[in-house]
There are 2 protein chains.
Amino acid sequence: MPELADVAKELIAQERATATFAVPTCIDVVLGSKAWQARRAELRALVMEHPVLSDRDMMYRNHKERYEFALRKAHAYTQFLQQHNITDADERTFVYEQLGEPLPIDVHRSMFLPTLETQMDEEQRAYWVPLAREAKILGGYAQTELGHGSNVQGIETTAVYDSVTEEFVLNSPTLTSRKWWPGGLGKTANYIVLHARLTLDGKDRGVQAFLVPLRDPTTHQPLPGLEIGDIGPKIGFQSVDNGYCVLHNVRIPRRHMLMRFAKVLPNGEFVKPPSDKLVYFTMVKVRVSLVHYAAKYLSFVTTIATRFSAVRLQGYAPGSKSKVEVPVLSYENQQHTLFPLIAMSYGGIFASRRIQAIYDTLLPQLSGPLDAHQLDVLNQLHATSSGLKALLTTEVGDGMERARRACGGHGFSASSNIPHLMQEFIGACTFEGTFDVLVQQHTASLLKRLHKPVNVRTSDQSMDLFSFMNIDPHQSCAVATPEQLLAPDVLLRAFQVRALKALHAAVRHEGSLHYQSRASMGHAESVFLQCFFDGVIAITDGPLRAVMFQLWQLYALWRITLHLGEFRVDDYLSATQATWVQEALLALLPQIRPNAIALVDGFGHSDFELNSAIGRYDGDVYRALIARAANEPLNRTDVVDGYHKYLQPILASKL
Amino acid sequence: MPELADVAKELIAQERATATFAVPTCIDVVLGSKAWQARRAELRALVMEHPVLSDRDMMYRNHKERYEFALRKAHAYTQFLQQHNITDADERTFVYEQLGEPLPIDVHRSMFLPTLETQMDEEQRAYWVPLAREAKILGGYAQTELGHGSNVQGIETTAVYDSVTEEFVLNSPTLTSRKWWPGGLGKTANYIVLHARLTLDGKDRGVQAFLVPLRDPTTHQPLPGLEIGDIGPKIGFQSVDNGYCVLHNVRIPRRHMLMRFAKVLPNGEFVKPPSDKLVYFTMVKVRVSLVHYAAKYLSFVTTIATRFSAVRLQGYAPGSKSKVEVPVLSYENQQHTLFPLIAMSYGGIFASRRIQAIYDTLLPQLSGPLDAHQLDVLNQLHATSSGLKALLTTEVGDGMERARRACGGHGFSASSNIPHLMQEFIGACTFEGTFDVLVQQHTASLLKRLHKPVNVRTSDQSMDLFSFMNIDPHQSCAVATPEQLLAPDVLLRAFQVRALKALHAAVRHEGSLHYQSRASMGHAESVFLQCFFDGVIAITDGPLRAVMFQLWQLYALWRITLHLGEFRVDDYLSATQATWVQEALLALLPQIRPNAIALVDGFGHSDFELNSAIGRYDGDVYRALIARAANEPLNRTDVVDGYHKYLQPILASKL
């Protein structure tokens, strides 16, 4: 009998032979220069040989054990950076992302430091940023409270200015006002950026950000007036001490308010920020980066699921009498599940680049006063990044789960690493703004702009994300053959019309969150599709571009079938055209099939990063599953410890 | 400032005051007689005061710790049954379901014992069933292998009959043939029902079931020729030792084959079973029961999410200038997320009763030869239970996740108990048949029956699940007003037509798994909707029936909007009718709103069962969250153990 375990390795090699493009070319597009790729490989090799940093035994640990080990990892990480003199920000981020799990210093890196950088004035930055950068202080970001998350305006923590001592007095006036959720707050951070409602001379000055010392720099004991702790286990971030904090008359100096935008003068006078949105600009940054992470996590899981599908033999070809089993990747449903997710991963890479570029362009402009045009770009970015975050975290969360199910039982096993990847990701569906809050913000901006158009500078067309408002919504799709449907302008236009119709429906159904959601998602989908398309046509390599274009078409058709009702509003698509969409989608699947493995190889993920027994590059999945099981602590003995005490008495008694 | 924590309690009380039906009446429909409800309360109270059985600290434990504690719980459970002389099967099941997690004896209860009961002949049953029932032996059910899950025909384990010794010789001939996944196999079971491909005189006799001793009855050591272990951590079932097993020339007596249907005589002669499907009848039983469990788990999570939504104040009413926050349940999107899931939970309860009744009717008939009509019922049950399992596990898995997200960050926290409920449930999406395999089986039966109709006995109309084949598929929806759309016959007919059109599309697109899936789901949805409707109209209490009927309408409209493209095939629904569907759905939400809390109260779940800080009956969720966090083991000290070793050096050095 042939060993399926060996057949598996041959199968995946065969899959690679059918690719019509060069994988390294694709990796260049995704990862960048060869020099950077070489540096990554070098750094990764160092991490892989490090006994602590390479640890991947998190699946065997509970929350407390994971936190404790992650602290050890954080220590090893800082030593590692020093030892190898790694000072470049991209290199540090790369190393950090090789660690397999977030560390207790995660929020320090991703939110605390950036907030100091973007929200402090020059003098404050000069003092605090080096301390934070050199980890002389470790910080968190405390906005969410037990009773309030997405509605920042509802937070209850108070900051009252005492102009006599030139201090702010901070309080948690209610049970629900305690800060709740901030990563690193529970046990690790000794400083925090705290959001509180500011009162000056009895006057409400809105929610502002303050830097608050939490723990004694020597003993690490909580400072007087503070109750601090960990909020307990969660689906993901088990290695992080998400925490709570209660403040009782905690006093901080005036200059501990972050004063880049809003300011409080010594006499208690308030200086307004140029825009109310600026205090939340860290959240825009995080939403922009979440588009990137969403695409990345989806690409991890699709790589695992697609490779496993290529080696997993199960059942027989439909209609065939053959008794030779086929890889599940040959099933139409498996392709229909996975290929659109591969497409969405690439689309997300391109969309994240576009939105990041807009952010990067805008950031330096925030120091000075903004003109109407710049404010429009800021509004567009704030709105669209909200919509894209809502769209992508939802779709990626759902997509990961579909990919997991497509792996059958092995996707349920920690050995596949899909559970871990999902658990670490899906918090993103709710943190930094729940779906409902984001789509409301997004659509509110769209509606405002619809009612009050702004002239966009011709030099900045690529930054204009609201251009769909200029098309004619009263049209129907004119294509007369199935082939015409696949043309880029036809597909792009269908999404623009759908978005604009949805926006008009939101106008007609004023106050309906349902129609607002559709308007937000319609626009986000249209922007995503456009960014994806622009990314594809910019690829210089012909064979790669051709495959990516097929993937783009597949993606567009897939999204139409998922929301066919919306594309058939007013019969924009006819019943016949709708059947063409469905058939064109299914017809693309076998065309993409020969490139499926090459496309996931093209993400450039290493086996070490994937950490998946079933997603291995070489297809040797079954031996890997057996090897993983051998590590299970329960297998250290043949007879479990509890046998004599618990199991033997059951067998000896009557159930 | 008013304490939101207190406002929360008032809010949920106010919600209860707006109900238009009596909750106890609803609980009677769901749970049955008052006597049974009283007995449940009595048993639950006993469990709640038991120090081990009431334990809910699983969130703090890793897989090994959870298994070890679950063994202790299993021991306590058997003692508890004896101590309180609980012998009734329903009572035992009820107590077991109060334990908060599956135990290592889960498969012994749910699959091993039922398989012996249904697959053994009378003599075998007389000997083995009492042993299993009294837990003198603890068993598992080993069908899945490392290399084969859903395609049972592909399994590689061999059983060769040796007529000299009258024994079967069992082997795992390849690396991928090792049994993999069976619950309880790793460390607990000392017997197993093993599926292996039987060879008699060199002739393949298909996959058969055998009872195999695994461990020494005294020492619990694996018997010679067996390698046994635990497969490691998973998303759920962390308290269960899902295991693997390798067989090397393991010999068992001839009478260890389960011989109710197929038999092997001492001379090696093979007696065929009356139907090939009978050997898998345990799987039909499990699929039928999964419909029940899917509805139950969905009702747990919707109860938690709906109650939390009633007390969670966040943001302001759309269009309102008020600064008083509203409960998130007042948002249209929240209603649109949760109310259809409440509806699906009730629908699942009714659907599960219908399908269970068919199973119960059929089971005793299996002893004798089956006539054409009975075979047709068996086929319908096998097919429809497959489709319903595929539909419901998918929808409930997805629905739980949507409900979780609707709770914002708190749904991500273990304190909500939603993570635990999801993790324990979603294995059901892939075990006992993946979606793709089930829909293929389902549609194959539908197609066979379409091509070869069977006359259904008029006495058995309620068992005829395939009656949709008799309608005319060439019709379009004739309603002329939005109101007409809400009529039961209009909605039921729409689903039947959609199902039949999908089945015909599967005929046209022969071999397309995509169209087969649609045909399967179309039929499963239609059956579900009919069972739900039949359940609603059978309710005798007028006010309750009226609310349930609204819920049923909501459910039907919701499913249409989700698959609007399919209902618009050939313009069965026009563009105008499609907008009516959407608007009618949204219009029902505020009508159901006053009954939302009463409807989830109507499931009759106790706080102990829900085990959720945010799903409490009394709405006192914030104090409960704080109390939970206090239990986190990391909070036993203010400064973590690793501070001096790992954290202090980070702060003293340069990151």
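The values are calculated or read from the model by the stated rules, or taken from the named source; none is laboratory data. Remember, predicted model here, so these are calculated numbers, not experimental data. All Cβ positions, even for glycine, are placed from backbone atoms using ideal geometry, and neighbour counts span all protein chains on display.
Note on the range B:209-242: residues that are in contact with a helix residue (DSSP H, G or I) (Cβ under 9 Å, 6 or more places away or on another chain), of a type outside the set (Val, Ile, Thr) and assigned to a strand (DSSP E or B) total 7. Residue check, A:Leu378 against (1) more than 27 Å from A:Ala310 (Cβ to Cβ); (2) modelled with pLDDT of 95 or more; (3) of a type outside the set (Val, Ile, Thr), all met but one. Which one? With respect to (1) more than 27 Å from A:Ala310 (Cβ to Cβ); (2) modelled with pLDDT of 95 or more; (3) of a type outside the set (Val, Ile, Thr), A:Leu378 is out only on (2).
Of all residues in the range B:475-528, those satisfying the criterion of being away from chain A (no Cβ under 11 Å) and not in a helix (DSSP H, G or I) are B:Gln475, B:Cys477, B:Ala478, B:Val479, B:Ala480, B:Thr481, B:Pro482, B:Glu483, B:Ala487. On inspection, A:Ile231 qualifies as without any contact (Cβ under 8 Å) to a residue 60 or more places away in the chain, among the hydrophobic types (A, V, I, L, M, F, W, C), in contact with a strand residue (DSSP E or B) (Cβ under 9 Å, 6 or more places away or on another chain) and within 14 Å of chain B (Cβ to nearest Cβ).
In the range B:310-333, the residues that are at the interface with chain A (Cβ under 8 Å from one of its Cβ atoms) form Cβ pairs under 7 Å with partners that are at pLDDT below 80 and surrounded by 18 or more Cβ atoms within 10 Å (Cβ to Cβ), at six or more places apart or across chains, as follows: B:Gln314/A:Ser150. Is it the case that the range A:644-654 has a residue that's among the charged types (D, E, K, R), facing another protein chain (nearest Cβ under 7 Å) and over 45 Å from the mean Cα position of the chain (by Cα)? So far as the range A:644-654 goes, yes, one or more of its residues are among the charged types (D, E, K, R), facing another protein chain (nearest Cβ under 7 Å) and over 45 Å from the mean Cα position of the chain (by Cα). It is to be established whether one or more residues within the range B:577-596 are more than 13 Å from chain A (Cβ to nearest Cβ), crowded, with 22+ Cβ neighbours inside 10 Å and not acidic (Asp, Glu). Yes, the range B:577-596 has at least one match. Per the listing A:Phe412, A:Phe425, A:Phe435, the residue uniquely of a type in the set (Phe, Trp, Tyr) and under 17 Å from A:Ser352 (Cβ atoms) is A:Phe425. For the range B:161-172, filtering for residues that are more than 19 Å from B:Thr144 (Cα to Cα) and either among the small types (Gly, Ala, Ser) or free of Cβ contacts under 8 Å to residues at least 60 places away in the same chain (or both) leaves 2.
Tell me, yes or no, whether the range A:356-363 has at least one residue that is part of a helix (DSSP H, G or I), at negative phi, at pLDDT below 95 and of a type in the set (Asp, Glu). Yes, the conditions are met somewhere in the range A:356-363.
When the residues of the range A:243-271 are filtered to those that are assigned to a loop (DSSP other than H, G, I, E, B) and either polar (S, T, N, Q) or crowded, with 17+ Cβ neighbours inside 10 Å (or both), which remaining residue is farthest from the chain's Cα centre (by Cα)? Looking at residues that are assigned to a loop (DSSP other than H, G, I, E, B) and either polar (S, T, N, Q) or crowded, with 17+ Cβ neighbours inside 10 Å (or both), I get A:Asn267.
Among the listed residues A:Asp121, A:Asp106, identify the single one that is in contact (Cβ under 8 Å) with a residue 60 or more places away in the chain, surrounded by fewer than 17 Cβ atoms within 10 Å (Cβ to Cβ), more than 9 Å from every other protein chain (Cβ to nearest Cβ) and of a type outside the set (Lys, Arg). Break it down into steps so the answer makes sense when it comes.
Values: A:Asp106 fails: surrounded by fewer than 17 Cβ atoms within 10 Å (Cβ to Cβ).
Every option except A:Asp121 fails the conditions.
Yes or no, residue by residue, for (1) more than 30 Å from B:Asp620 (Cα to Cα); (2) in contact with a helix residue (DSSP H, G or I) (Cβ under 7 Å, 6 or more places away or on another chain); (3) at the interface with chain A (Cβ under 9 Å from one of its Cβ atoms):
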residue: B:Met48; (1), (2), (3): no, yes, no
residue: B:Pro51; (1), (2), (3): no, no, no
residue: B:Arg61; (1), (2), (3): no, yes, yes
residue: B:Ala89; (1), (2), (3): yes, no, no
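Considering the range A:26-46, the residues that are surrounded by fewer than 20 Cβ atoms within 10 Å (Cβ to Cβ) and of a type in the set (Val, Ile, Thr) include one that is nearest to the other protein chains (Cβ to nearest Cβ), namely A:Val30.
Number of residues in the range B:72-86 that are facing another protein chain (nearest Cβ under 7 Å) and closer than 23 Å to B:Asn631 by Cβ equals 1.
So, in the range A:148-175, of the ones that are in a strand (DSSP E or B) and away from chain B (no Cβ under 14 Å), which residue ends up nearest to B:Lys323 (Cα to Cα)?
As a first pass, look at the range A:148-175 and keep what is in a strand (DSSP E or B): A:158-162, A:167-171.
Subset that is away from chain B (no Cβ under 14 Å): A:159, A:161-162, A:167-170.
Numbers: A:Ala159: 20, A:Tyr161: 24, A:Asp162: 27, A:Glu167: 29, A:Phe168: 25, A:Val169: 25, A:Leu170: 23 Å.
Within the range A:148-175, the match that is nearest to B:Lys323 (Cα to Cα) is A:Ala159.
Residues in the range A:188-208 that are closer than 17 Å to A:Leu131 by Cα and part of a loop (DSSP other than H, G, I, E, B): A:Thr188, A:Ala189, A:Asn190. Within the set B:Pro114, B:Pro102, the sole residue that is modelled with pLDDT under 95 and either within 23 Å of the chain's Cα centre (by Cα) or β-branched (Val, Ile, Thr) (or both) turns out to be B:Pro114.
Can you spot a residue in the range B:59-76 that is among the hydroxyl-bearing types (Ser, Thr, Tyr), outside the structural domain of B:Leu363 (by the TED database) and surrounded by fewer than 16 Cβ atoms within 10 Å (Cβ to Cβ)? Give the derivation first.
Initially, the range B:59-76 is screened for residues among the hydroxyl-bearing types (Ser, Thr, Tyr), giving B:60, B:67.
Narrowing the set further to residues that are outside the structural domain of B:Leu363 (by the TED database) leaves B:60, B:67.
Subset that is surrounded by fewer than 16 Cβ atoms within 10 Å (Cβ to Cβ): none.
So far as the range B:59-76 goes, no, none of its residues is among the hydroxyl-bearing types (Ser, Thr, Tyr), outside the structural domain of B:Leu363 (by the TED database) and surrounded by fewer than 16 Cβ atoms within 10 Å (Cβ to Cβ).
Here is the figure for the range B:301-342: residues that are over 18 Å from B:Leu589 (Cβ atoms), in contact with a Phe, Trp or Tyr (Cβ under 9 Å, 6 or more places away or on another chain) and crowded, with 24+ Cβ neighbours inside 10 Å total 3.
In the condition set (1) free of Cβ contacts under 8 Å to residues at least 24 places away in the same chain; (2) crowded, with 24+ Cβ neighbours inside 10 Å, B:His514 is compliant with all but (2).
Residues in the range B:205-216 that are surrounded by fewer than 20 Cβ atoms within 10 Å (Cβ to Cβ) and within 24 Å of B:Thr118 (Cβ to Cβ): B:Arg205, B:Gly206, B:Pro213. A:Val7 meets each of the listed conditions (1) surrounded by 14 or more Cβ atoms within 10 Å (Cβ to Cβ); (2) over 28 Å from A:Pro594 (Cα atoms); (3) outside the structural domain of A:Gly232 (by the TED database) apart from (2). Does at least one position in the range A:124-141 carry a residue that is within 21 Å of the chain's Cα centre (by Cα), within 24 Å of A:Pro51 (Cα to Cα) and not aliphatic (A, V, I, L, M)? For the range A:124-141, residues within 21 Å of the chain's Cα centre (by Cα), within 24 Å of A:Pro51 (Cα to Cα) and not aliphatic (A, V, I, L, M): absent.
Here the condition is being more than 8 Å from chain B (Cβ to nearest Cβ), touching a residue at least 24 places away in the same chain (Cβ under 8 Å) and more than 22 Å from B:Ile137 (Cβ to Cβ); of A:Arg616, A:Arg636, A:Arg628, it holds for A:Arg616 alone.
Scanning the range A:401-420 for residues that are within 8 Å of another protein chain (Cβ to nearest Cβ) and assigned to a helix (DSSP H, G or I) gives A:Glu401, A:Arg405, A:Gly408, A:Gly409, A:Gly411, A:Phe412, A:Ala414, A:Ser415, A:Pro419.
Go over the candidates A:Gln461, A:Gln484 one by one and state the one that is out of contact with any strand residue (DSSP E or B) (no Cβ under 9 Å at 6 or more places or on another chain), more than 30 Å from A:Leu585 (Cα to Cα) and not charged (D, E, K, R). Before the answer, list the steps.
Working: A:Gln484 fails: more than 30 Å from A:Leu585 (Cα to Cα).
Of A:Gln461, A:Gln484, the one residue that is out of contact with any strand residue (DSSP E or B) (no Cβ under 9 Å at 6 or more places or on another chain), more than 30 Å from A:Leu585 (Cα to Cα) and not charged (D, E, K, R) is A:Gln461.
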